[in-house]
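Any read-out appearing in this document is the output of simple, stated calculations on the displayed coordinates, not a laboratory observation. All figures in this text were calculated on a predicted structure; none of them were measured in a lab. Heads up, the Cβs are rebuilt from the backbone with ideal geometry, glycines too, and the neighbour counts pull from every protein chain shown.
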Amino acid sequence: MNDDVKLGGLAWHLAFLSLTAIGGGVVLVAPDIHHYVSVQNHWMTDEQFAAMYALAQAAPGPNLLFVTLIGWMIKGWLGAVVVTLAAIVPSSCLVLALGSVINRHGGGKGRWTGALRDALSPLAAGMLGGAAWTFLSVAGAGWRGILLALAATAAAYATKLNPLWLIALGALAGAIGLV
């Protein structure tokens with residue numbers, strides 16, 4: 001646990017990021033979270049950050065567990081509770097408010113909601129790509145890891161293959177030393 005952590009600053013940072021995580025939750029803003037906690041404030045190492053992310057991905061449940069683990073790692077139980085609420089409450093309030101407005105104006109079938117959805121799709125894809133790049137860099141994946149990630153992305157996009165098979169193939173590649 002780190003006594004130098006300014007929990008209020010971290011909470012405000014995550015609250016703001018939760019409002020910008022379009023289409024994929026907090027994981028899409030993981031590069032910014034990494035920069036804030038590891039590079040800018042030195043509250044955890046790159047390896048610790050990658051481990052927290054990997055643990056959250058391996059556990060069942062929402063990806064939000066990722067920020068809870070970061071809060072716990074750097075400020076204990078109080079940090080876990082505060083950052084989890086900071087990541088949930090602002091975006092949940094925004095979704096409830098927007099959902100209410102959308103339901104009053106055509107239930108999401110209007111021209112504006114379709115245009116908004118079409119505009120946000122490439123933004124979400126770009127943010128997901130940025131998150132993947134950050135994790136590949138932090139993990140020290142090298143060119144083979146990047147190539148494997150690109151191949152898995154192409155396979156997921158082009159086929160109806162269950163993602164668990166792609167994860168298993170990636171794990172096998174790591175186990176035999178290809179990446």
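Tabulated data for the structure shown
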read-out	value
Label-point gap, in nm, between His42 and Trp12 - each point 7 angstrom along Cα→Cβ	2.3
Size descriptor, Kirkwood hydrodynamic radius, that averages inverse alpha-carbon separations across the chain, Å	17.9
Residue of Ala155, Ala132, Ala54 that the Gaussian network model of the chain assigns the largest fluctuation, springs spanning Cα pairs under 10 Å	Ala155
Trp112 paired with Lys160, simple spin-label distance in nm, labels 7 Å along Cα-to-beta-carbon	3.8
Residue of Phe135, Phe49, Phe16 that the Gaussian network model of the chain assigns the largest fluctuation, springs spanning Cα pairs under 10 Å	Phe16
Euclidean distance of C-alpha centroids, segment 147-179 and segment 58-99, integer Å	29
Separation of the Arg144 and Leu55 label points, Cα + 7 Å toward Cβ, nm	2.8
Cβ-Cβ FRET estimate between Leu120 and Thr153, R0 fixed at 25 Å, reported to 0.05	0.80
Top of Pro31, Pro60, Pro122 by mean-square fluctuation, Gaussian network on the chain, Cα under 10 Å	Pro60
Computed over the chain: relative contact order in percent, which uses C-alpha pairs under 8 Å that are six or more apart	26
